[in-house]
1. Would you mention how many residues in the range B:218-234 are touching a residue at least 60 places away in the same chain (Cβ under 8 Å) and over 25 Å from the mean Cα position of the chain (by Cα)?
2. Filtering the range B:206-216 down to residues that are closer than 20 Å to residue B:174 by Cβ and in contact with a strand residue (DSSP E or B) (Cβ under 8 Å, 6 or more places away or on another chain), which residue is farthest from the other protein chains (Cβ to nearest Cβ)?
3. Quick check, is residue B:303 part of a helix (DSSP H, G or I) and touching a helix residue (DSSP H, G or I) at 6+ places or on another chain (Cβ under 8 Å)?
4. I'd like the residue in the range A:2-11 that is surrounded by 15 or more Cβ atoms within 10 Å (Cβ to Cβ) and either more than 26 Å from residue B:140 (Cβ to Cβ) or within 13 Å of chain B (Cβ to nearest Cβ) (or both) and, out of all such residues, is modelled with the highest pLDDT.
5. Within the range B:400-423, identify whether any single residue is over 18 Å from residue B:479 (Cβ atoms), modelled with pLDDT under 85 and under 21 Å from the mean Cα position of the chain (by Cα), and answer yes or no.
6. Filter the range A:50-60 for residues that are more than 7 Å from chain B (Cβ to nearest Cβ) and in contact (Cβ under 8 Å) with a residue 12 or more places away in the chain and give the result.
7. Determine, yes or no, whether residue B:338 is within 30 Å of residue B:79 (Cα to Cα), in a loop (DSSP other than H, G, I, E, B) and at pLDDT 80 or above.
C-alpha cells in the first residue's frame, strides 16, 4: 500500500521530497503529495519509509489503505 | 540554582576593560597575541586579544560583535524549510507574522527570490553587511537550496558576508562545500554533550536514512556536532555556539558544554533563554516547562565567561529577520514588494555609508574612554544593573514609552559592561500610556537600579520611582557608556554622602512574547 500525505497537516517543509527513492513526491497546492503508483513503501531501498521517517509532523505520512499492498519485485 | 552553578569572579576585570579601549578604527595596525587564549573582547568594542584576521571577520558582524550590532544590520533568507531533527522547544507548524523567534517565517523563498530580496535590502539598508541562512528548518538539511543561494549572492553582492546556522547533524558532510562557498561564520546549536540529557531535548533525529530516538539519537547528534565544530576550526572558519538554557534539564550542564566547545575552538558562546510560552505549541510549552529568569540566565552566562566570549545581545530573531538586531524590518521586504522594487546594487554608495558608520564608531570609543577615565583610582564594592532605552548607535536616544526593549548594563568601578537586553511591551500606544503595560515593563527590568531614557512622561516616572527604579533623562542623546559612568559616579557619591542607601534589587522576568516588526 502506498503512503499518502495528509494535506491539512503538511507544513510544506520539503523534507520528504529529495529522500523518496522513487521520485514519487512533488509539491502541489502549497503542500506535498505522493503519486501512489510510484510509491514502493521504500521496500528494497531502505529499512523504513523515508517520507515517514523524515516528516517532522508525526502522523502526516500514512498508509493509504485504498490501494493494494506493494509487491516487491523478486 | 545559584549555589550549583556558582558565580565565578569575572576573568576580565579592569584588565579587559583596558583592552576594550582600543579604538575600533585603528584595527589594522593592532598587534596580535593569540596565544593567551583570552577572547573576551571579541564581542565587545575593540579588537582586544583577537588576531587581526578574526577581528576583520567579526568587527562588522552584528551577531558576533556586541558593539557592531548597534551599527550594522543582518538579514536572514528563509530558503531552508526542511529539518533533520526534532527539538522539544520548536514547533514547526506555527507561523505568525507578529512573532519573533527562531524557526518562524512568514514566507519561504526560492534561492532566486532570496537573491532578489538580498539585493533589495542591501540597496535600501546600506548597513546590511551580513546574510545568514538559519532555517526555518536546518540549512544543511536543505543543502541544494542553501548553497545555491550563497553562490548566487556571492556573485551578485560580493561584499556581503555569508553565514550559516545549523544544528550540526549534517555539518561534517558539508564542510568542504562551506569552505568552497566562502562562508565565513557558522553557528552550531549545541544544547548538550551528554546523551542522557539530549534525550530529554530531542525526541528524534533523521540520520543516514533512518529515524533514531532517545539516547541513540542524542549520542549521534552530540558526536556530529562536536566533530563538525573541530572540522570548522581546522579550516579556519569562525564558529559560534548557541545553547538554549532549559531549567532543570540542561541549565547546570551548559557549563560542561561551554568547556567542551571552548576546547574545540568555538569563538563565541551564546546561551539563550528557552522560549516556552504554551501558546507556541511546543512540547516544552505544552508540558509546562518553565523558562529561566533574567537572573538565572545571567548567573549561568557569568559562570561560563572566561576564556571564551559570551554573547549577550542575541534577540532570538525570526528565520527571515531583516535589519538591525531588535529592529525587524522584514515586513517591508515581503517577496511581493521585493519583486516590485527597482533594485540597483551600488557598491560605492554602500562603502561610503559604511565609512561614515566607522567614523561614528570611532567617536563612540573615544567617548567611552573619556567616561572611563573618571574612575581612575576609585574603587567600590557596589555593582548594579541599569536599563537603557536606545534605538542604536550607542546612544540614549529612545523615549521610555516607545522602547520595545531595554539594553541592560552592569556598572562597577571597573567599567560599564553590557549584560543583555529585555524585551518589553511598548508602553505608549497612540499617545497614551497603558498602566498594565507599565507593570510588565517593570517586571522586565526589576533587577535594575535605574532606567536611562531620552524622555519620559510624568506618570511612568513616578511609578518607576515608587518601585525603586530611578528614571534618568538628563543624558538624552548622549553615549550610553559615558553617561552610565557619570551617573554611577554620582550614585556612589550619593551613597557616600548618605543621601541614598544602596540596596539590592530583585529578579526580572524574561519577556517571551512578540517583538512586533518596527512600525
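1. 0
2. B:212
3. Numbers: part of a helix (DSSP H, G or I): yes; touching a helix residue (DSSP H, G or I) at 6+ places or on another chain (Cβ under 8 Å): yes.
Against the criterion (part of a helix (DSSP H, G or I) and touching a helix residue (DSSP H, G or I) at 6+ places or on another chain (Cβ under 8 Å)), residue B:303 qualifies.
4. Residues of the range A:2-11 surrounded by 15 or more Cβ atoms within 10 Å (Cβ to Cβ): A:2-5, A:9-11.
From what's left, either more than 26 Å from residue B:140 (Cβ to Cβ) or within 13 Å of chain B (Cβ to nearest Cβ) (or both): A:2, A:4, A:9-11.
Working: A:2: 90, A:4: 94, A:9: 88, A:10: 89, A:11: 85.
Once the filter is applied, the top-ranked residue is A:4.
5. Taking every residue of the range B:400-423 in turn, at least one turns out to be over 18 Å from residue B:479 (Cβ atoms), modelled with pLDDT under 85 and under 21 Å from the mean Cα position of the chain (by Cα).
6. First pass over the range A:50-60, keeping only residues more than 7 Å from chain B (Cβ to nearest Cβ): A:51-52, A:55, A:58-60.
Across the range A:50-60, the qualifying residues are A:51, A:52, A:55, A:59, A:60.
7. Numbers: within 30 Å of residue B:79 (Cα to Cα): yes; in a loop (DSSP other than H, G, I, E, B): no; at pLDDT 80 or above: yes.
It is false that residue B:338 is within 30 Å of residue B:79 (Cα to Cα), in a loop (DSSP other than H, G, I, E, B) and at pLDDT 80 or above.
Every residue, every condition in (1) farther than 27 Å from residue B:282 by Cβ; (2) within 12 Å of chain A (Cβ to nearest Cβ); (3) in contact with a strand residue (DSSP E or B) (Cβ under 8 Å, 6 or more places away or on another chain); (4) modelled with pLDDT under 90, yes or no:
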residue: B:65; (1), (2), (3), (4): yes, no, no, yes
residue: B:78; (1), (2), (3), (4): no, yes, yes, yes
residue: B:82; (1), (2), (3), (4): no, yes, no, no
residue: B:113; (1), (2), (3), (4): yes, no, no, no
residue: B:120; (1), (2), (3), (4): yes, no, no, no
residue: B:126; (1), (2), (3), (4): yes, no, no, yes
residue: B:131; (1), (2), (3), (4): yes, no, yes, no
residue: B:143; (1), (2), (3), (4): no, yes, no, no
residue: B:155; (1), (2), (3), (4): yes, no, no, no
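The values are calculated or read from the model by the stated rules, or taken from the named source; none is laboratory data. Being a predicted model, the structure only gives us computed values, none of them experimental. Positions of Cβ are backbone-derived with ideal geometry, glycine not excepted, and every protein chain shown enters the neighbour counts.
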